[in-house]
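Enquirer: Below are the structure tokens for one structure; questions will follow.
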Amino acid sequence: MKIIDNVLPQDEFDSIVNAFLKERSLPWFIEENVSGMGIEDHCYFTHNIKVTIKELFPLGEILQSKIFYRIKANLYPRTHEVYHHKDHVDGDFPHRGAILYLNTNNGFTVVNGTPVESVANRLLLFDPQIPHHSTTCSDQQYRANINFNFK
């Protein structure tokens, strides 16, 4: 596991945030199954990226990959308390994973029991075959990130 703070220059990061959260042109879809392990008490919103989003190009260079199995944006609405979702893995085949945090909040990602705080412009690199889970946040309107599964 590796954490890179301020992974992108501020203008490049702002372009990503604008594309996903500010311009309101990205469709978000409600999901009732956060961890893929059955219906839970909370829902969240996702967008599976199936088209080229030019704002993400700098991350392809940083991740040193042109082969992405999945790129998925997540938006977790605020809850009264921070809620932990169930552990899961992102597939049973060798690949790499990364999470780009789009806003700072008191939620986090837990990888094999180790919490990683949600800090804007932070990139978490990890093995997505290791059990991990997300949380909600309670101090901001939402918690948003983009997950990458790649070769």
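The values are calculated or read from the model by the stated rules, or taken from the named source; none is laboratory data. All of these numbers come straight from a predicted model, not from anything done at the bench. Positions of Cβ are generated from backbone atoms using ideal geometry, with glycine treated the same way; all protein chains shown enter the neighbour counts.
Enquirer: Hey, among the residues in the stretch 122-151 that are part of a loop (DSSP other than H, G, I, E, B) and of a type in the set (Val, Ile, Thr), which one's surrounded by the fewest Cβ atoms within 10 Å (Cβ to Cβ)?
Expert: ILE130
Enquirer: Moving on. For the stretch 54-69, give me the residue count where each residue is of a type outside the set (A, V, I, L, M, F, W, C) and surrounded by fewer than 16 Cβ atoms within 10 Å (Cβ to Cβ).
Expert: 5
Enquirer: Kindly list, by first and then second residue, each pair from a residue in the stretch 136-151 that is farther than 14 Å from LEU124 by Cβ to a residue that is part of a loop (DSSP other than H, G, I, E, B) and of a type in the set (Asp, Glu), limited to pairs with Cβ atoms under 8 Å and residues at least 6 apart or on different chains.
Expert: Cβ pairs passing all conditions: SER138/GLU81.
Enquirer: Where residues in the stretch 70-86 are hydroxyl-bearing (Ser, Thr, Tyr) and buried (at least 17 other Cβ atoms within 10 Å of the Cβ), which of them is nearest to the chain's Cα centre (by Cα)?
Expert: The qualifying residue nearest to the chain's Cα centre (by Cα) is TYR76.
Enquirer: Tell me, yes or no, whether the stretch 87-95 has at least one residue that is surrounded by 15 or more Cβ atoms within 10 Å (Cβ to Cβ), among the acidic types (Asp, Glu), touching a residue at least 24 places away in the same chain (Cβ under 8 Å) and touching a strand residue (DSSP E or B) at 6+ places or on another chain (Cβ under 9 Å).
Expert: yes
Enquirer: Check VAL110, VAL119 and return the single one that is surrounded by 15 or more Cβ atoms within 10 Å (Cβ to Cβ), in a loop (DSSP other than H, G, I, E, B), of a type outside the set (Lys, Arg) and at pLDDT 95 or above.
Expert: Testing whether each residue is surrounded by 15 or more Cβ atoms within 10 Å (Cβ to Cβ), in a loop (DSSP other than H, G, I, E, B), of a type outside the set (Lys, Arg) and at pLDDT 95 or above leaves just VAL119.
Enquirer: Among the numbered criteria (1) among the hydrophobic types (A, V, I, L, M, F, W, C); (2) out of contact with any strand residue (DSSP E or B) (no Cβ under 6 Å at 6 or more places or on another chain); (3) at pLDDT 90 or above, which single criterion is violated by ILE39?
Expert: Looking at each condition in turn, ILE39 falls short on (3).
Enquirer: Just to check your reading of the model, which residue among LEU100, LEU63 is touching a Phe, Trp or Tyr at 6+ places or on another chain (Cβ under 9 Å), within 18 Å of ILE16 (Cα to Cα), modelled with pLDDT under 95 and not charged (D, E, K, R)?
Expert: The unique qualifying residue is LEU63.
Enquirer: So, of the residues in the stretch 68-85 that are assigned to a loop (DSSP other than H, G, I, E, B), out of contact with any Gly (no Cβ under 8 Å at 6 or more places or on another chain) and not acidic (Asp, Glu), which turns out to be farthest from PRO58 (Cα to Cα)?
Expert: HIS80
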